[in-house]
2 protein chains.
Amino acid sequence: MNTSNLDSTFAALADPTRRAILGRLALGETSVTELAAPFEMSMPAISKHLKVLERAGLIVRGREAQWRPCKLQAGPLQDASVWIDEYRKFWEQSFDRLDDYLKTLQDPTLQAKEKHPEHKRK
Amino acid sequence: MNTSNLDSTFAALADPTRRAILGRLALGETSVTELAAPFEMSMPAISKHLKVLERAGLIVRGREAQWRPCKLQAGPLQDASVWIDEYRKFWEQSFDRLDDYLKTLQDPTLQAKEKHPEHKRK
């Protein structure tokens, strides 16, 4: 995995319009005009976002048809997913700890044990 | 999931130094001086990166000890992972297609079938 690719992938994803464009392209390839329609944005502004996505390898523009459809390319997202997944154990650990704590709150027996560890032995 | 949180998470991850800092913190909490050691970078430059990570909620700085240790917080990474995972089927599809193609290349029978679909029926 190339580290400069991760730079451009994460930078491209750091914008809500670009993420929404990828969300639209997940439904199928489409023209720039159609892509731009839901956004209150000028065509040059949309084109700028598309260029960022294209440079990051997250979309490709067709060469054959005159309307040059945009298409999603998920390869860089996979690399980003692999990188983030290295940290999965950290968020899973936090949830385990929260889960244990919530169980303690719901179970009065456990709560008593927490407060008075010797309580049950009497 | 807050969309502006995703903005700051992905923006924070779009830099190799910041990703390396998170990688170091995955090994355990540490001081800023220790964090800075492997990088050929001034202390103010490192501090700037830490501020970006802190604002994105990816690290916390201890308040109790005087050396204010930095600690990883993986919550925002989980949100980023959930977002990216929506696209998993797209990269898995591409691999399935590549896999089918490689199988065709390796198996002469399949190759013949591809070229002459009627070949085997004679």
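Every read-out reported here was derived from the displayed coordinates using simple, explicitly stated rules and does not represent laboratory data. Just so it is clear, the model here is predicted, and its values are computed rather than measured. In this analysis, Cβ positions are derived from the backbone assuming ideal geometry, glycine residues included, and neighbour counts consider all displayed protein chains.
Working ranking of peptides A:87-94, B:39-46 by packing, defined as the average number of other Cβ atoms within 10 Å per residue, highest first, is A:87-94, B:39-46. Counting only other chain Cβ atoms within 10 Å of each residue's Cβ, the peptide B:14-22 averages 3. Each Lys and Arg Cβ is given +1 and each Asp and Glu Cβ -1; about its Cα centre, the protein assembly as shown then shows a dipole of about 60 debye. Across identical copies of the chain, B:GLY75 has label-point separations of 3.7 nm, listed in ascending order, with the point defined 7 angstrom from Cα along Cα→Cβ.
Of the residues B:TYR87, B:PRO38, B:LEU13, the one whose Cα sits farthest toward the positive end of the charge dipole of chain B, with +1 on the Cβ of Lys and Arg and -1 on the Cβ of Asp and Glu, is B:TYR87.
Using C-alpha pairs under 8 Å with a sequence gap of at least 6, the mean separation divided by the residue count of chain A gives a relative contact order of 24 percent. Both radii are taken from the alpha-carbon atoms of the protein assembly as shown; with Rh as the Kirkwood radius, Rg/Rh is 1.13. Ordering B:SER47, B:TRP67, B:GLY57 by the projection of their Cα atoms onto the charge dipole of region B:24-72, which places +1 on the Cβ of Lys and Arg and -1 on the Cβ of Asp and Glu, puts B:GLY57 at the extreme positive end. Placing +1 on each Lys and Arg Cβ and -1 on each Asp and Glu Cβ, with no other charges, gives region B:1-111 a dipole about its Cα centre of roughly 580 debye.
Compactness ratio for region B:1-111: Cα radius of gyration over 2.2 N^0.38 Å (N = residue count) comes to 1.54.
Largest GNM mean-square fluctuation across A:LEU27, A:LEU98, A:LEU35, computed for chain A with C-alpha springs under 10 Å, falls on A:LEU98. Counting from the shortest, the label point at B:PRO44, 7 Å from Cα toward Cβ, is 3.5 nm from the same position in each remaining copy.
Compute the label-point distances linking B:TYR101 to its equivalents in the other copies; points lie 7 Å from Cα along Cα→Cβ; give nm, one decimal, shortest first. Spacings between copies for this position, smallest first, are 4.9 nm.
Of all residues in chain A, the one whose Cβ lies closest to the rotation axis carrying A onto B, together with that distance in whole Å, is A:PHE10, 2.
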